[in-house]
Structures are given as structure tokens and as C-alpha cells.
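Remarks on the structure that follows.
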Amino acid sequence: MNDLWTNRLSEYIDGELDNTERAALEEHLATCGHCYATLADLRQVIARAKHLEDREPAQDLWAGIRAGLTTDAPIPLRRDRLVRRRFSLTVGQLLAASIALVLMSGGGMWLAFRPDAQPSPIVQRGIESNETGNRNVARWRVQSDIAIAELQDALTLNEGKLDTATVRIVRENLAVIDRAISQAQHALRRDPGNTYLNLHLAKAMRQKIELLRRANALAGES
Amino acid sequence: MPRQVLEDTLTADSIAADTALAASGDASAFERLYRTHVARVHTLVRRMLDADEADDVTQDVFIRAWQKLSTFRGESAFGTWLHRLAVNVVLARRKTVGIERGRFIADDGPLDRATGKRETLELSLDFEEALAQLPEGARQVFVLHDVEGYRHEEIARMLGVVPGTSKSQLHHARMALRRHLER
């Protein structure tokens, strides 16, 4: 046994020896059965390490974690910025938006679910082969979800500043948009690469963000 | 789209959505994230620290994750972010329990004692148990390098040692585990 060489075997396996050291060690391995056998053992150890499996804890830890969440909110919202914007929206405008949304979401979903609905094969292939595009879509969805969550949170605080009729109309609009989003998401689970559905979902989410933003701005005016 | 790819995509989308919801304060979404990732986090903690600390530290990791969700930018997968956070919590724990840098470097004594136990250990000792027998320094380097895939430079930075120490600890750990494999 040669400790000098044995102690370098891990570096040899990990590719951390320079060419000269590597050649010298390989020359030694050709004549030293002990080091050769040790090398095989170390490789076996590394292989075992790579195949270790994760195990659940013996007991459910959620209750303790949940108790620790109550005192610490995860995200500081910038509500001050949300409510200071100067936009105004009349009840009539909100109603018009509501009607338009119903038409768009209803018509959109009819187009999506009609029996002969097929995305353009060229566009479809393009989307499926474009991993960057898919990542961008996923990132955009996450960002939109975050924005919506923030705006909804702000609206919960601001609703008291709006009159009852406006609150009711905003809620009805949101319900319409949420149905459109939910239908698009449901359809996308079956056909994730469908260009039309992705665009429809993006449009509905943009509309929700815009409505929430305007409702918050309207409350800020009050 | 192949079924597995589709399932992976849906899982990734679901985790991304739950991450966004949790960041807005939705504890139910955070519980789903916990259930998806707890085995990975708990296993990492158990391997890096003593088994009897694993539950407490795992809970600490998830509570910190909740507190820090606002800093998660979505540039990496949530699981990757959480894993890195878990490593940081483990290493911070290591410091708070008084394992000084000097002791980490001069860890060969316990390593020798661990490998010297081979004659008295049960023949059925499995790899995880053998790993748990290693002294902490060697065990942590082995877990970070061979199990988790970190490079020596990263490990050295995290542990506050030089890369040569990380390499030396890794080799000692592998040699010790090799002796257990020999049975």
C-alpha cells in the first residue's frame, strides 16, 4: 500500500489532478492491486451516495410550522403606492367592462372548446420546441399571480372606501374573469402547448390585474 | 407531449402557483409546498446534523422560508431556493452549537474512532447508518459534495475552510464508508 497514492484517489476520481499527476497515478494503478481495488471501492461509495433516497420525517411537522407562521407575514405589500394612483372609473364604465368581459370570455372559451378547435400546427410545433418560451410563459404566470395576490390584498383593505354598488360590480367582474381564468387553466392542463389558450389565459389575467388596479385607484380617490 | 414531461410541467406550474400564493400569505398553499419538499429538507438536515435535531431544524427551515418568501425572485426553482436555505440554516446551527472551525479541521480523531467501530457494528449497518457514524466535518463535506453535488470551492466557502481541507475531509469520509462497504 502506498499512502501517497491512496490519498490522491478521490482527487483522481473527481478529475482534480493535473495531467502529470494523473498520468503518474495511472502508471501506479497499473502495478498496485491495492490502490486499484481501493479505487473501485471509492467509486462504489460515490455511486451509493448518488442513489440515496429521501425519507419523510417520522412524524408530521406541519403543526409546529403552522404555529410559527402566525406571527410573521411573508411579504410586505406596497399598499401606499397602490392606492395613491390617480385613476377614476365610473359605475357605468365598470358595467361596460363587465359586459365586454362576459362576451370575450364566453366567446373565447367557445372557440377553444369547439370540436374542431386546433392551434396552428406551425405555431404549435414552435411553442413545443421552444423551451425558453415555455419558461417565459411560466415566469410570466408566476409574476402575474404575485401581482394579482398583492392587488387583491390591497383591495380587501380598500373596499371600505368604495360605495356598495361599486364593490358589488367589481366583485361581479372579478368573478367573470376568475371563471375565464379557471376554464383556461383547466383546458391548458389537457393541452399545455395550445397557443390560443395560453394567449386567452394571459389576456384574462391582464384584465384581472387592470381591474384590480383601477378599483384600488378608485378607492384611493375616495 | 410525453406523459412524464407533462406531469413534470404541471408539477412545476403547481409549485410556482403555490409559491406565489404563499408569498401573498396563503398558509394552505405553503402547506402544500411543505408536503412536496419536506422529505428532501428533512433528509438533508438529518444527514448533516444529528438525527435528534432533524425535526426541530426542519421546522425552522420552513418557518424561515415563509418569512423570506418575499425575497424569492423565481430565478431558480422553489425547491432549489429552499434547499439552499436549508443548507444555510444547518450551517448556522452548526455555528450556534459551538462547533468551531479548529475542531472541524482537526476532526480525524473521531473519524478514526468511527471507522474503528467496524468490528462491533451490526453486519446489517446500512449506508445511511454508516454515514451517521462519521464525524460531523467529514459527514457534512461528504453530504454536500457526493450527495448534494456542491463543488469543493462552494463547500469551503460555506464551511469557512480552505478547499484543500474540504478535499481531505471528503477522502477520509469516503475511505471510512468504504470500510463499511467491505463487509
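The values are calculated or read from the model by the stated rules, or taken from the named source; none is laboratory data. Quick caveat: nothing in here was measured; it's all calculated off a predicted structure. Here the Cβ is made from the backbone with ideal geometry for all residues, glycine too, and neighbour counts use every protein chain on show.
Suppose we filter the stretch B:15-37 for residues that are crowded, with 22+ Cβ neighbours inside 10 Å and within 18 Å of residue B:90 (Cα to Cα); how many remain?
Residues meeting the conditions: 1.
Given the residues A:9, A:25, A:29, A:61, which is the only one that is touching a Leu at 6+ places or on another chain (Cβ under 9 Å), surrounded by 12 or more Cβ atoms within 10 Å (Cβ to Cβ) and within 24 Å of residue B:128 (Cβ to Cβ)?
Every option except A:9 fails the conditions.
Condition test on residue A:155, is it surrounded by 15 or more Cβ atoms within 10 Å (Cβ to Cβ) and within 14 Å of chain B (Cβ to nearest Cβ)?
Yes.
Return the total of residues in the stretch A:42-67 being closer than 23 Å to residue B:56 by Cβ, among the hydrophobic types (A, V, I, L, M, F, W, C) and at the interface with chain B (Cβ under 7 Å from one of its Cβ atoms).
Residues flagged as closer than 23 Å to residue B:56 by Cβ, among the hydrophobic types (A, V, I, L, M, F, W, C) and at the interface with chain B (Cβ under 7 Å from one of its Cβ atoms) within the stretch A:42-67 amount to 4.
All but one of (1) within 9 Å of chain A (Cβ to nearest Cβ); (2) assigned to a helix (DSSP H, G or I); (3) at pLDDT 85 or above; (4) closer than 23 Å to residue A:146 by Cβ hold for residue B:20; which doesn't?
That leaves (3) as the condition not met.
So, of the residues in the stretch B:50-82 that are hydroxyl-bearing (Ser, Thr, Tyr) and more than 9 Å from every other protein chain (Cβ to nearest Cβ), which turns out to be nearest to residue B:20 (Cα to Cα)? Spell out the reasoning first.
Our first condition is that a residue be hydroxyl-bearing (Ser, Thr, Tyr); within the stretch B:50-82, this holds for B:58, B:70-71, B:76, B:80.
From what's left, more than 9 Å from every other protein chain (Cβ to nearest Cβ): B:71, B:76, B:80.
On the way: B:71: 12, B:76: 14, B:80: 16 Å.
Filtering first and then ranking leaves B:71.
Given the criteria out of contact with any Asp or Glu (no Cβ under 6 Å at 6 or more places or on another chain) and more than 14 Å from chain B (Cβ to nearest Cβ), does residue A:25 qualify?
Taking the combined requirement at face value, the residue does not satisfy it.
May I ask you to verify whether residue A:171 is in a helix (DSSP H, G or I), surrounded by fewer than 15 Cβ atoms within 10 Å (Cβ to Cβ) and either on the phi > 0 side of the Ramachandran plot or within 14 Å of chain B (Cβ to nearest Cβ) (or both)?
no
Among the helices (runs of 4 or more DSSP H) contained in the stretch B:48-111, which hold 1 or more residues that are hydrophobic (A, V, I, L, M, F, W, C) and at pLDDT below 90?
In the stretch B:48-111, the matching helices (runs of 4 or more DSSP H) lie at B:78-96, B:101-105.
Out of (1) farther than 21 Å from residue A:213 by Cβ; (2) within 13 Å of chain B (Cβ to nearest Cβ); (3) at pLDDT below 70, the odd one out for residue A:196 is which?
(2)
Criterion first (more than 7 Å from chain A (Cβ to nearest Cβ) and closer than 15 Å to residue B:78 by Cβ) does residue B:47 satisfy it?
On the way: more than 7 Å from chain A (Cβ to nearest Cβ): yes; closer than 15 Å to residue B:78 by Cβ: no.
So residue B:47 fails the test.
Could you tell me which residue of the stretch B:23-44 is farthest from residue A:63 (Cα to Cα), considering only residues that are more than 7 Å from every other protein chain (Cβ to nearest Cβ) and of a type in the set (D, E, K, R)?
Among residues in the stretch B:23-44 that are more than 7 Å from every other protein chain (Cβ to nearest Cβ) and of a type in the set (D, E, K, R), the one farthest from residue A:63 (Cα to Cα) is B:26.
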